[in-house]
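Below you'll find the structure, written out as structure tokens, and then a few comments.
The values are calculated or read from the model by the stated rules, or taken from the named source; none is laboratory data. None of these values were measured; they are calculated from a predicted model. So basically every Cβ, Gly included, is an ideal-geometry build from the backbone, and we count neighbours across all protein chains shown.
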Amino acid sequence: MICRKTVLKCRDGYIYIPIGAEVEVGSSIGECTVSISIPSKCVIDVSTEIRFANTRYIHRIDEDEENVYIVEIDSRTGKEVEMYVYHRDVWKKVYKFYMEPMMRGEPVDGHLMLVGAPGTGKTVMVTLIANMLGLDVETINVAEIKSKFYGESEKNLEYRLQNAVSREPLILLFDDADFIVTSRSLVGSASSGVETTEVSLRIILFKYLENIIKERKRVLVIATTNMSPSAIDEALLRGGRFGEPIFISLPNYNALHRYAYFVLRDENKARDLAYKCVSRGLTISDLKTMIKYMRAGLNPDFRRISGRGYRRLYSEIVREFVDNKQLINRINKLYDFGEDRKTTIYMNIPFVVGVALITQIFFALKRPGILITDPMHVDEYTYTLDVTKSIGIVPTDLQQNIHTYIRNNTNQPLVFIGTNPPNIETYTYFISLQDMINMFGDDPKPVARSILEYYKIPYTDHDLKTIERIIRSRSVKPIDIFVAIANSGKVNEDIIGIAMLAKR
């Protein structure tokens, strides 16, 4: 069968391709590799359209338990020039369902919608996909096609769509496509000229999305949006349009650390930056901004960057917690923290202490935890829990309706922490602080260490002995000492006075 189009990645630029050469995806011709072939197995002919992909980079892909690390390497110098980090499940879905068919020269059977917070790498992923496939990206910006003249906006969109389809194989990108994906109930009832135009544009887009699939075109349409998944119009998710949105979550500590070290090659700086970013709910893009500050000789200013309203829990590991089999067996016996289980427990303990303790317990359970900090993003928070299979951490001082919403909208386990019970129908009490201390042989130092490590409070062995002595003297309750340490950031004799004052 004659090749209609063949895309080649060549190490040393353009080469002569002999007529009659048999090719398929992954095969080699000299210093070139076939990245796309239409059909998948075919013979080069004088009528074959041959294209050369961007030849500057080759790639190395590494993985850990949660992330995929894609490293671009300059094929001429062997130098690593950039790293992309994504949740492993996200990358595998994109690769399996969208990239592999395109590489085989097959038509797409669905389009791709990338959802996530700003800076999580949605647009960068499109560039990476194009680079690895050797395809051009045609970007359509809604602001560019809109016109004040009646009917012109619709004509502009149709022209851009027709042009893109005629250039297959191609990636067509609607970047920051909030207008396109917004639920029609939020667009309006088409009572004004602006609303009428928006409805018309969406109808045109729906038609082309379906026709690309129906006519078996090799055009992958990708839309990116920062909007919460629940705000996406369900009509877009039907067959022949976009499938289930692929959600790109906030990076965990390992992802941030690996990228920071890749750029800085300094372990201490990488650890410090990764911790500061993960504890604020920041993204790889935010991390890049901080690295830019450092390279300019400036101290990173985290005060100017706000998170997304939730963050992943992280702390240095306290081995006494992670290796305490009695504690872990007790927790596993009492609670079912398996995936997709609506286990709900309540830690009747001040939040500043409880969050540090539960972080260590999650390390021992080998399950990630995510804390909600702003109810404005509760919808995205529950979605993130399900996508990442994480345990949700919820302060009980949030509004009562937020408690109910979170419990009703995720299948993952939840831990409510605070001195007031959560506003939900049923929950199970977590083991008490004193029971936890008893499981360490009546030694309060592991609990103290978990708090000190979580809040990055410097301490010595003498400080730990001071805490133990104060608690054993029974002059102040253990919880009051721990709360004083967490709130004040101090771990010396002064904490006695701080704890006494707090108690009053």
**Prompt:** Got a number for residues in the range 457-482 being surrounded by fewer than 18 Cβ atoms within 10 Å (Cβ to Cβ), at pLDDT below 90 and polar (S, T, N, Q)?
**Reply:** 2
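Suppose we filter Ile485, Ile496 for residues that are at pLDDT 90 or above and either among the hydrophobic types (A, V, I, L, M, F, W, C) or over 28 Å from Tyr275 (Cα atoms) (or both); which single one remains? Give the derivation first.
Numbers: Ile496 fails: at pLDDT 90 or above.
Answer to the selection: Ile485.
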**Asked** Restricted to the range 251-290, and to residues that are more than 12 Å from the chain's Cα centre (by Cα) and not in a helix (DSSP H, G or I), which residue is nearest to Glu82 (Cα to Cα)?
**Response** Arg265
**Fill in**
Out of (1) aromatic (Phe, Trp, Tyr); (2) at pLDDT 90 or above; (3) over 23 Å from the mean Cα position of the chain (by Cα), the one Tyr159 does not meet is (2)
**Request:** Considering only the range 1-40, give the strands (runs of 3 or more DSSP E) lying wholly within it that have at least 1 residues that are more than 36 Å from the chain's Cα centre (by Cα) and modelled with pLDDT of 85 or more.
**Result:** 22-24
**Message:** I'd like the full set of residues that are part of a helix (DSSP H, G or I) and touching a residue at least 60 places away in the same chain (Cβ under 8 Å), limited to the range 379-403.
**Reply:** Asp379, Glu380, Tyr381, Tyr383, Thr384, Val387, Thr388
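Which residues, taken from the range 432-456, are hydrophobic (A, V, I, L, M, F, W, C) and surrounded by fewer than 17 Cβ atoms within 10 Å (Cβ to Cβ)?
First pass over the range 432-456, keeping only residues hydrophobic (A, V, I, L, M, F, W, C): 433, 436-437, 439-440, 447-448, 451-452.
Hit for the range 432-456 is Phe440, nothing else.
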**Asked** On the given criteria, is Tyr275 hydroxyl-bearing (Ser, Thr, Tyr) and at pLDDT 95 or above?
**Response** no
**Item:** Thr419 being of a type outside the set (Gly, Ala, Ser) and over 22 Å from Arg280 (Cα atoms)
**Value:** yes
**Unmet requirement for Thr460, which otherwise passes all of (1) free of Cβ contacts under 8 Å to residues at least 24 places away in the same chain; (2) among the β-branched types (Val, Ile, Thr); (3) farther than 25 Å from Asn324 by Cβ** = (3)
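Residue by residue, here is whether (1) aromatic (Phe, Trp, Tyr); (2) within 23 Å of Asn423 (Cβ to Cβ) holds:
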{"site": "Glu316", "(1), (2)": "no, no"}
{"site": "Lys325", "(1), (2)": "no, no"}
{"site": "Ile331", "(1), (2)": "no, no"}
{"site": "Phe337", "(1), (2)": "yes, yes"}
{"site": "Ile345", "(1), (2)": "no, yes"}
{"site": "Leu365", "(1), (2)": "no, no"}
{"site": "Pro368", "(1), (2)": "no, no"}
**Request:** Within the range 323-344, count every residue that is on the phi < 0 side of the Ramachandran plot and under 26 Å from the mean Cα position of the chain (by Cα).
**Result:** 8
